[in-house]
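Each reported figure results from applying straightforward, stated rules to the coordinates on display, with no laboratory input. For clarity, every value in this text was computed on a predicted model and none was experimentally measured. Cβ coordinates were reconstructed from backbone atoms using ideal geometry, including for glycine residues, and neighbour counts include every protein chain displayed.
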Amino acid sequence: MNNITNESKEINRIASLESINIGGVEQWISIRGNNINNPVILMLHGGPGSCDMCMWKDYGAELEKHFIVVTWDQRGSGKSYKSLAPEEKITIEQFISDTHELVTTLMKRFNKEKIYLHGHSWGSVLGIKTILKYPELFYAFAGTGQVVNSSITEKIIYDFALTKAKALNNSEAINELEAIGAPPYSGKDSFEKSSINDKWFAKFNGYYFKGGFNEDYVKHIMAAKEYTMEEKKNFSQAMLNSGKLLFNELESINLIKEAPKLEIPVYFMIGRYDFQNLPYEKNPIENYFDILEAPKKELVWFEESAHFPQFEESNKFNELLVSKLL
């Protein structure tokens, strides 16, 4: 590992940004905590390609009192942008392998029998798929912005965006959305159509209940000391590249079929307005929660959040994450 920052003068505190070889390529992690004897929690970011270590540094500082908080720029994102190649390794199975390798490295380094795992959005899928394969490595899992069925989620996004566009009489949005039509998408331009769908969902504040997610994210990225200017310029491209390479696999995800049973406690921490305006009786996460078998399971709602309760209601999120997991 190459430790390039160490801000702490306290013996038991750790605050470092490190490069590590995972899956044969250089990837980067941030490790922060008030006491190296505390349990380890690994945060799996969304996207794919949408790293968030600088967001956790600001919004999740309270967690550092209770955990060694590890955030990771997965291959192809953030400081790990250049590790996207070779393209043939950009598969969900490769990300599962990367996660396993990182987890075992952290367990050995901090002398832990197991760790805790949190996944957001794409990271929630990666987390559950990793747990399915390696349940013995984890105490518990917390899923936020939990993805259950990608095809249903994309339809929800489209319905939300088109409804908002018509309500606002936004002709540009209406024209673009009607031109691509409702998902599912197929063919060579399927990723491009999905990107248009997601673009308008984001512009109409589908991700943040109170609006302003894009601005907040960009603000944190541009102010982050962890990233060089070149790395900051690559953020959008990283999400495009990763999303395109994983698109076909992501579209087939259905956790109700793939992961009806997990061997560790599971906590879903979900924004009440996450993928709202549903043409269904229940949110997909409720359907998954109902059928899921686990030693312990709990669904916690955040009443003033959409897809990012960990940042929109960070105080409540941090308090509950600590109390539920520990």
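Taking 1.567 mPa s as the viscosity and 4 °C as the temperature, the Stokes-Einstein diffusion coefficient of region 180-306 based on its alpha-carbon Kirkwood radius rounds to 74 µm²/s.
When both region 246-269 and region 94-170 are represented by their alpha-carbon centers, they are found 8 Å apart. Subtracting the Cα-Cα distance of N175 and N111 from their residue separation scaled by 0.36 nm leaves 17.4 nm.
Across q = 0.17 Å⁻¹, region 128-232 modelled as identical point scatterers on its alpha-carbon atoms has Debye log10 I(q)/I(0) values of -0.96, in the order of the q list.
Estimated from the Cβ-Cβ distance and a Förster radius of 22 angstrom, the FRET efficiency linking N315 and D290 is about 0.15. An oblate overall shape is assigned to region 49-127, the ratio a/c of its alpha-carbon gyration tensor axes (a ≥ b ≥ c) being 1.5 or greater and a/b not exceeding b/c. Packing around the peptides 207-217, 311-321, 152-162, taken as the average count of other Cβ atoms within 10 Å per residue, puts them in this order, highest first: 152-162, 311-321, 207-217. Charge dipole (Cα centre; +1 on Lys/Arg Cβ, -1 on Asp/Glu Cβ; no other charges) of the chain amounts to roughly 480 debye. Distance between the 7 Å Cα→Cβ label points at S195 and A182: 2.5 nm.
Return the sequence-ordered ³J(HN,Hα) values of region 130-145 in whole Hz as given by the Karplus equation 6.51 cos²θ - 1.76 cosθ + 1.60 applied to θ = phi - 60°, using x for Gly and Pro. Ordered by residue, 3J(HN,Hα) equals 5, 5, 4, 8, 9, x, 5, 8, 10, 6, 6, 10, 10, x, 10, x Hz. With one equal scatterer per alpha carbon and no solvent term, the Debye-computed log10 I(q)/I(0) for the chain at 0.06, 0.08, 0.09, 0.10 1/Å reads -0.19, -0.34, -0.44, -0.55. Cross-link check: pairs K296/K324; K82/K232; K89/K244; K65/K296 evaluated at a Cα-Cα cut-off of 18 Å; pairs beyond the cut-off: K65/K296.
For the chain, DSSP calls about 45 percent of its internal beta bridges antiparallel.
The slack in the chain from S19 to T91, taken as 0.36 nm per residue of separation less the alpha-carbon distance, amounts to 23.8 nm. Within the same chain, lysines fewer than 8 places from K210 are excluded, and of the rest, those with a Cα less than 18 Å from its Cα are K164, K199, K219, K316. For region 154-203, the Kirkwood hydrodynamic radius from C-alpha pairs, put into Stokes-Einstein at 10 °C and a viscosity of 1.306 mPa s, yields a diffusion coefficient of 150 µm² per second.
Would you please give the FRET efficiency between E304 and A223, computed as 1/(1 + (r/R0)^6) with r the Cβ-Cβ distance and R0 = 30 Å, to the nearest 0.05? Once rounded, the FRET efficiency stands at 0.75.
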